[in-house]
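Only one structure is covered here, and it is reproduced in the block below.
The values are calculated or read from the model by the stated rules, or taken from the named source; none is laboratory data. Please read all numbers here as calculations on a predicted model, not as lab measurements. Heads up, the Cβs are rebuilt from the backbone with ideal geometry, glycines too, and the neighbour counts pull from every protein chain shown.
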Amino acid sequence: MWQAQTPQVFRLGQLQKVLTYVAEHELTITDEASAFECLDLPIRLVTGSRQNIKLTYPDDAILLTAIINAQF
């Protein structure tokens, strides 16, 4: 089982080409990785941490604060 996290990292030149192709062909993507997958280009997976959360909703701040406080 895999979990997609942000940030995603791609080489700038290749990312620009992929996103240009997606825009020109009006392809539906959800993020940069899905753009690469849409074109059958390789994605490299790296080990991450479940503590790498996005601060999107107010409740996320509570969890993020708990994670930070647990580290000190």
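Select from region 14-72 the residues that are of a type in the set (S, T, Y) and in contact (Cβ under 8 Å) with a residue 12 or more places away in the chain and list them in ascending order. Please lay out each step first, then the result.
Taking region 14-72 as the starting set, the residues that turn out to be of a type in the set (S, T, Y) are 20-21, 28, 30, 34, 47, 49, 56-57, 65.
Hit for region 14-72 is Y21, nothing else.
Conditions (1) surrounded by fewer than 11 Cβ atoms within 10 Å (Cβ to Cβ); (2) at pLDDT 95 or above, marked per residue:
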| position | (1), (2) |
| --- | --- |
| T6 | no, no |
| F10 | no, no |
| V22 | no, yes |
| T30 | yes, no |
| A33 | no, no |
| I43 | no, no |
| Q51 | no, no |
| D59 | yes, no |
| I67 | no, no |
